[in-house]
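Read through the structure below, which is laid out as structure tokens, and then see the notes.
The values are calculated or read from the model by the stated rules, or taken from the named source; none is laboratory data. Note that the coordinates shown come from a computational prediction; the quantities given were computed from them, not determined experimentally. Counting neighbours? That spans all protein chains shown, and the Cβs are built from the backbone with ideal geometry, glycine included. The area values use the complete protein model at the heavy-atom level, side chains included, leaving out ligands, DNA and RNA. Shrake-Rupley method; radii C 1.70, N 1.55, O 1.52, S 1.80 Å.
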Amino acid sequence: MPLMRGERFESRPAFSMNFGNNASLGHQITKGTIAVWEGDYKLIHYLENNRSMLFNLDQDSYELNNVLDKEPEIGNHLITLIQDNLKKANEKIETQE
């Protein structure tokens, strides 16, 4: 609605997830991939090996150049967003078991 009224839309991170089943550890999310987009950046994080890739979508729309080493502050910020939200999700899962 803010855009329809001519107001500015507050930008928020967008998440995408693909999780694997991990029956040996209950229902905690420990396997899979999580991506987060914020502004021009997209970070993909692989849970099993704790590995991440960062892309500047404005400069690299095909996601060919991992810029995590060149943009560590942005990468750390996006990894923290993932970790914080994953922690909240796992806490909710624990309370439902």
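Which of the residues that make up segment 67-84 are open to solvent by 70 Å² or more (accessible area, probe 1.4 Å) and either hydrophobic (A, V, I, L, M, F, W, C) or not in a loop (DSSP other than H, G, I, E, B) (or both)?
E73, N76, H77, Q83, D84
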Apart from one, (1) farther than 14 Å from W37 by Cα; (2) at pLDDT below 95 all hold for N85; the odd one out is (1)
Checked segment 48-66 for anything open to solvent by less than 30 Å² (accessible area, probe 1.4 Å) and hydroxyl-bearing (S, T, Y); matches are S52
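Would you check which residues across segment 27-41 are touching a helix residue (DSSP H, G or I) at 6+ places or on another chain (Cβ under 8 Å) and either at pLDDT 95 or above or open to solvent by less than 80 Å² (accessible area, probe 1.4 Å) (or both) and list them?
Listed by number, the residues that qualify are Q28, I29, I34, V36, E38, Y41.
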Condition set of a type in the set (S, T, N, Q) and over 14 Å from the mean Cα position of the chain (by Cα), scope segment 57-83, selection nearest to T95 (Cα to Cα): answer is N66
By residue number, the members of segment 78-97 that are touching a residue at least 12 places away in the same chain (Cβ under 8 Å) and either among the aromatic types (F, W, Y) or under 18 Å from M17 (Cα atoms) (or both) are L78, I79, L81, I82, N85, L86, A89, N90, I93
Checked pairs for segment 44-72, first aromatic (F, W, Y), second part of a loop (DSSP other than H, G, I, E, B), C-beta under 6 Å and 6 or more apart or across chains, list as F55/E63
Flagged pairs (Cβ under 7 angstrom, 6 or more apart or on separate chains; first in segment 7-19, more than 17 Å from D40 (Cβ to Cβ) and open to solvent by less than 90 Å² (accessible area, probe 1.4 Å); second part of a loop (DSSP other than H, G, I, E, B) and at pLDDT 75 or above) are F19/I29; F19/K31
